[in-house]
Amino acid sequence: MTDKEKAKAYWKENIRYVLILMFIWFIVSFGAGILLKDALNSFKIRGFKLGFWFAQQGSMYVFVVLIFVYVRLMNKLDKKYGYDA
Amino acid sequence: MVMMHSLLAEGIGVQNWTYILVGITFTLYIGIAIWSRAGSTKEFYVAGGGVSPLANGMATAADWMSAASFISMAGIISFAGYDGAVYLMGWTGGYVLLALLLAPYLRKFGKFTVPDFIGDRYYSNTARFVGVICALLVSFTYVAGQMRGVGLVFSRFLEVDINTGVIVGMLIVLFYAVLGGMKGITYTQVAQYCVLIFAFMVPAIFISIQMTGNPIPQLGFGSTLADGSGTYLLDKLDGLSTDLGFAEYTEGSKSMVDVFAITLALMVGTAGLPHVIVRFFTVKRVKDARKSAGIALLLIVILYTTAPAVAVFARTNMIETVSNKSYAEVPVWFKKWETTGLITFTDKNNDGHIQYVADKSKNELVVDNDIMVLANPEIANLPDWVIALVAAGALAAALSTAAGLLLVISASVSHDLIKKIINPNISEKNELAAARLSAVVAVCVAGYFGINPPGFVAATVALAFGLAAASFFPAIILGIFYKKMNKEGAIAGMVVGITAMLLYMVKYRLGWFDDVLPDKSEWWFGISPEGFGTIAMLLNFIVSIVIMRFTPDPPQEVQDIVENIRIPSGAGDATH
C-alpha cells in the first residue's frame, strides 16, 4: 500500500465509525428523547417515564459512552495503520 | 477563649462562612496564577501545548459550565419541566460532535485560534477577518452575562452593592488572565472545577436524602418519597403541577419541532464556540484531544444529570412550602429573597395566603429562575456552610467561563487581527504585550456591560449558541470533511448564516423592527429565535456548497493540508 492508499483506507474506516456512533447519538437524543418521547412515556422504570428519562438522563450517559468508545476504536485504528507515533 | 465560645454557640453564620470560603478559593486562584504565569505567546495562547488530557478535561468542564449552568439551569428546568431537556441534551450532545468531528483535526492543524484555522484553511485574510468578527460577537454576548452573575452572587451573599461585586470579579479575572494567559487560566480552571462540582453536589445529595432517602440525586428523583407514602416523587410533582393549573411536569409545553430545533442549535453551537474549541489546542497529541473531550463531557455530565434532579426537588419543596400558606408564617428565606426582588408576592385577593397558580390573573407569586439553586439549601434547611459553599461554587463557575472567553477575545485581537492582518512583523514580545493589553480592554468592556447591562444581554446569551452554530460550525466541518470547499463558499456561508441569525434574533427576540414584539405564531416553521441557529446553520451549509460549485477549486497545497490533518500522527506543536 502506498502512503496515499493507506491514508485513504484509514479515513474510510474512521468515517464508518463516526457514522455509526452519530447514528446512535441521534437515536438516543432526538429519537428517544424528542420524537418518540410520547410513545416511550407509556413505559416506566421506577418513577421515570421512559421518554422523559431519555431526555433528561439517559441520552447524556450514552453521549459519554460514545466518546470513550470512539477514543478506544481510534486508538486501535491508529495502531493498525502505524499513525500512533 | 470567650470569643471562641460565643462563636460556637451562635454558629459562624452564613455570611462569615461565605467570606471564609470565597476568601480561601480566591487566594487559591491567585496563587495558581502567580505560579503558572506565561512567558511566551505560545504559553499565553495555548498554555505551551503540553497540558495533560485530564487537566484539559477539567479545565474544559469549568470553562464550559458558566454562571448559567450553575445558577440558572436547574431553576429554568424546574419551571420548564420536560422542556428543560433542550439545555441538558443540547449542552452535552455538542461534545460528541466535538470529539468525533472537530477536536482531533483542529489539534492536528496546530493553530492558536479558531479564526486562525479559518484564515489558513481558506487561504484568505477576508475569511480570517470574518472569523474574528464572529468570534468577538459570540464571546462578548456571552461574557457580559458572566460578569452579571458574579455581581449577583456578591450582592446576595456578601451584601455588597452589585456593582462592587462586578468590579471585584473584574480585578480577579484581570489578574490571572492577564498574568497567566491560557496557562494561568487552565490551572485555575482545574481548581475551579473542583470547587464548583463539590458546591453543586453537596446540597443536591443532602436534599436527595431528605426527600427520597437515596443519596444519589440521579436515582433519587425517580424514587418514592421518604415519607413512607409509597408515591413516586415525579408522580407527586405531576399531580401538584396539574392541581395548580400548570402543564404536567414530565410533559412540558413547547412544540416538538421547536424542542428539536433548539436542542440541535445548542449542540452545534457548543461545538462551534471558540472558547471551547481552543481548549483542544492545548494538548500534546491528537489522541489526547479525543480523550480530553471524553473526560470533559464525563465531568460536565456529573453536574448536568444532577441538575434535573435538583429541579424536581426544588420545585416540589417550593410548592409545598408556600402554596396556600399564610404570608405571615413564611420561612425566613422567603423574606430574605423578597428584599432582593427575586421573589415577589402581591396579595391580589387580600386573604393573606399565597396563591401560586398557572392562571396569571390569579397568581400572586413570582419566583426568579435563579433562586432555585441559590436558595435551595436554605429552603431545605441545610447547614450554613453548605449555603456559603453554593456562593463559592457560583463564583468559580462564572469566573472560569469569563476568563476563557476573555482569552478568546484577546487572542482574536492580538494574534488574528494585529499579528496576522495588520502588522505581520510584530515581535514576539510586542505581540505578548498586545495580547495582555487586549485582555485588559476586554475585561473593562465586559465589566461595563456587567454594571450597565443593556436590556438585550440576558436575551442574547442563549443566542450566542445560535451565532456560533450559524457561523463557525459549517465552515470548520466543511473545511475538514470537504476537501474542495473553497474560500468563496466558506466566506459567503458564514456571512449569510450569521446575518440570518442576527436578523431573526433582532426581529423575533428583541422586536426592534416592529412596534411590538411579534407573536410566536409568526415564527418561521414554529421555531423560536433560540432554535433558529439550526435553520441558519443549514442555510450556511447550502450557501457554501452552492457558491463553491461556481467558483474555482482551492489551491492544491490547501487540499494537501486537508489530507494531512486527517492523519493523526506527527501533530507538531501549535505554530504561528
Next on the checklist: Rounded, prolate or oblate for the range B:384-528? Axes are the square roots of the Cα gyration tensor eigenvalues, ordered a ≥ b ≥ c, and the cut-off for rounded is a/c under 1.5.
Outcome noted: oblate
Item to check | Distant-in-sequence amide H partners of B:F221 (H built 1.01 Å from N, under 5 Å) | outcome: none
Checklist entry - So how long is each side of the range B:464-519 along the principal axes, counting just the alpha-carbon atoms, biggest first, in Å? => result 46, 19, 14
Checklist entry - What's the average, rounded to a whole number, of partner chain beta-carbon atoms within 10 Å of each residue's beta-carbon in A:43-53? => result 6
Checklist entry - ³J(HN,Hα) across the range B:363-371 via Karplus (A = 6.51, B = -1.76, C = 1.60, θ = phi - 60°), whole Hz, x for Gly/Pro? => result 5, 10, 10, 10, 10, 6, 3, 5, 5
Item to check | Karplus 3J(HN,Hα) series, Hz, for the range B:348-355 with 6.51 cos²θ - 1.76 cosθ + 1.60 (x for Gly, Pro) | outcome: 5, 9, 6, 9, x, 10, 8, 9
Item to check | Gyration tensor verdict on the range B:363-428 (Cα atoms; rounded if a/c is under 1.5, prolate if a/b is larger than b/c, oblate otherwise) | outcome: oblate
Checklist entry - So how tilted is helix B:463-481 from the main axis of chain B? Cα-based, degrees 0 to 90, rounded to 10. => result 40 degrees
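Listed highest first by mean packing, meaning other Cβ atoms within 10 Å per residue, what order do B:147-154, B:353-360 come in?
Sorting B:147-154, B:353-360 by mean packing, highest first, produces B:147-154, B:353-360.
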Checklist outcome for this item: Sorted largest first, the Cα spans of the range B:262-419 on the principal axes come out in Å as 67, 32, 31
Checklist outcome for this item: FRET efficiency (B:Y123, B:W35; Cβ distance; R0 56 Å; to 0.05) is 0.90
Checklist entry - Considering the zone a paramagnetic label at B:Y482 would reach in this model (a point 7 Å from Cα along the Cα-to-Cβ line), which residues of the range B:495-515 have amide N under 11 Å from it? => result none
Next on the checklist: Need one number for the range B:22-95: average projected area of the convex hull over its C-alpha atoms, nm².
Outcome noted: 6.8 nm²
Checklist entry - Roughly how crowded by other chains is peptide B:91-102, in terms of the mean Cβ count from those chains within 10 Å of each of its Cβ atoms? => result 5
Checklist entry - Using 7 Å Cα-to-Cβ label points, what is the B:S229/A:V65 separation (nm, one decimal)? => result 3.4 nm
Next on the checklist: Highest mean first, how do B:463-472, B:244-253 rank when packing is the count of other Cβ atoms within 10 Å averaged over residues?
Outcome noted: B:463-472, B:244-253
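Output needed for the range B:48-137: three equivalent-ellipsoid semi-axes, defined as square roots of 5 times the C-alpha gyration tensor eigenvalues, in descending order, whole Å.
30, 18, 13
Work out the mean other chain Cβ neighbour count within 10 Å for the residues of A:67-80 and drop it here as an integer.
For peptide A:67-80, the averaged partner shielding equals 5.
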Checklist outcome for this item: Longest principal axis of chain B (C-alpha) makes with the long axis of helix B:532-549 (C-alpha) an angle, in degrees to the nearest 10, of 10 degrees
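When a/c reaches 1.5 or more, the comparison of a/b and b/c decides; with that in mind, is the range B:463-576 rounded, prolate or oblate per its Cα gyration tensor? Walk me through the intermediate numbers first.
Values: a/c = 3.28, a/b = 2.28, b/c = 1.44.
It is prolate, given that a/c is not under 1.5 and a/b is the larger ratio.
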Checklist outcome for this item: Compactness check, chain A: C-alpha Rg relative to the 2.2 N^0.38 Å globular estimate gives 1.49
Item to check | All-pairs Cα distance distribution in chain B, expressed in whole percent, bin size 20 Å | outcome: 21, 53, 23, 3, 0
Checklist entry - Fully extended, how many nm does the chain gain between B:N381 and B:A433 (0.36 nm per residue separation, minus their Cα-Cα distance)? => result 13.7 nm
Item to check | Overall Cα dimensions of the range B:353-464, principal axis frame, Å, largest first | outcome: 71, 37, 19
Next on the checklist: Please list, ordered by chain and number, the residues whose modelled amide H lies under 5 Å from the amide H of B:K284; skip anything fewer than 5 residues away on the same chain.
Outcome noted: B:V51
Checklist outcome for this item: Diffing the range B:16-32: the Karplus 3J(HN,Hα) column from phi (6.51, -1.76, 1.60, θ = phi - 60°), in whole Hz with x for Gly and Pro, holds 5, 4, 5, 4, 5, 5, 5, x, 4, 5, 5, 4, 4, 4, 5, x, 4
Checklist entry - Taking H as built 1.01 Å from N, whose amide H comes closer than 5 Å to the amide H of B:H353, not counting residues under 5 places away? => result B:Y327
Checklist entry - What base-10 log of the normalised intensity I(q)/I(0) is obtained for the protein assembly as shown from the Debye formula, alpha carbons as equal point scatterers, at q = 0.06, 0.09, 0.10 Å⁻¹? => result -0.33, -0.74, -0.92
Item to check | Coarse-grained scattering of the range B:266-355 at q = 0.10, 0.25, 0.26 Å⁻¹, given as base-10 log I(q)/I(0) from a Debye sum over alpha-carbon atoms | outcome: -0.53, -1.28, -1.32
Checklist entry - Which value at 222 nm does chain B reach when only helices count, each DSSP H run of 4 or more adding -39,500 (n - 2.57), with the total divided by all residues and rounded to the nearest 500 deg cm²/dmol? => result -22000 deg cm²/dmol
Checklist outcome for this item: Burial-style ranking of A:17-23, B:102-108, B:36-42, average other-beta-carbon count within 10 Å with highest first, yields B:102-108, B:36-42, A:17-23
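Values quoted throughout were computed directly from the atomic coordinates according to the rules given, and no laboratory measurement underlies them. Predicted, not measured: the structure shown is a model, and the values here were computed from it. Every residue, glycine as well, gets a Cβ built from its backbone with ideal geometry; the counts of neighbours run over all protein chains shown.
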